[in-house]
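Only one structure is covered here, and it is reproduced in the block below.
Laboratory data are not the source of any read-out in this text; all were calculated from the coordinates shown. The structure presented is a predicted model; accordingly, all values stated were derived computationally and were not measured. When we count neighbours, we look across all protein chains shown, and the Cβ atoms used for this are built from the backbone with ideal geometry, even at glycine.
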């Protein structure tokens with residue numbers, strides 16, 4: 001799978017993917033990350049990519065023609081190719097998005113900056129994504145989060161094939177349930193003990209306990225994740 005990131009600050013990605021799972025996926029050629037400097041498509045001696053907003057206002061807006069040129073030059077026109085723009089007004093990113101994106105051959109991520117982008121660029125993208133109800137200085141960190149979350153779902157990236165099947169937001173019959181609590185040594189710490197069932201070695205009881213704990217935790221912390229219909 002190939003990721004292409006259109007950004008004004010490609011240097012922000014230096015070192016981020018040089019460690020752990022994503023680094024291994026790159027070395028094993030499971031993924032490729034292509035950083036595209038939006039400034040390369042700017043106009044004039046100063047490679048201008050933005051302008052003042054029509055109607056007035058504070059700040060600068062990324063130009064639609066510059067962004068569109070960058071998108072078209074980044075496309076490889078092969079396999080399944082989708083364009084995602086980082087936008088605070090977009091749909092909140094979820095595990096379902098990550099699962100869908102992991103099946104794409106080429107994912108192009110656009111990182112916004114300044115006061116945003118000319119609204120007309122939305123005619124040339126497939127997804128408008130937000131990673132939460134808060135504002136960042138740009139779309140680079142959200143792009144990093146998407147690449148990380150998608151990469152780990154690509155087949156054979158994680159050493160254990162079922163590692164992504166039993167974690168928070170994995171799809172179950174009850175919805176996308178939060179993961180059950182985990183424990184390790186010591187068995188007792190400052191009066192707090194590991195639940196006896198986890199020490200029993202009884203596989204069926206352990207599974208039942210963990211399933212119940214997952215559902216209880218979800219109901220308490222994220223009740224909206226629990227499925228109330230037959231739909232995803």
**Prompt:** By how many degrees, 0 to 90 and rounded to 10, does the Cα axis of helix 64-74 deviate from the longest principal axis of the chain?
**Reply:** 60
**Message:** Compute the helix-to-body angle for 203-221: its Cα long axis versus the longest principal axis of the chain, expressed 0 to 90° and rounded to tens.
**Reply:** 50
**Asked** Which FRET efficiency value, to the nearest 0.05, is calculated for residue 226 and residue 89 with the Förster distance at 30 angstrom and r the Cβ-Cβ distance?
**Response** 0.65
**Complete:** In this structure, the FRET efficiency calculated for residue 213 and residue 122 from their beta-carbon separation, with R0 = 30 Å, to the nearest 0.05, is 0.10
**Asked** What FRET efficiency would be calculated for the residue pair residue 72, residue 52, taking the C-beta separation as r and a Förster radius of 22 Å, to the nearest 0.05?
**Response** 0.30
**Asked** So how far apart, in nm, are the two label points at residue 171 and residue 200 if each is 7 Å from Cα heading toward Cβ?
**Response** 3.2
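Of the DSSP beta bridges with both residues in the chain, give the percent that are antiparallel, rounding to the nearest 5.
30
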**Message:** Using Cα-Cα distances under 8 Å and only pairs 6 or more residues apart, what relative contact order does the chain have, in percent?
**Reply:** 19
**Prompt:** Roughly what % of Cα-Cα distances in the chain sit above 30 Å, to the whole percent?
**Reply:** 39
**Request:** Mind checking the full-extension length gain between residue 187 and residue 159? Use 0.36 nm per residue of separation minus the Cα-Cα distance, one decimal, nm.
**Result:** 7.3 nm
**Message:** Compute the helix-to-body angle for 140-151: its Cα long axis versus the longest principal axis of the chain, expressed 0 to 90° and rounded to tens.
**Reply:** 50
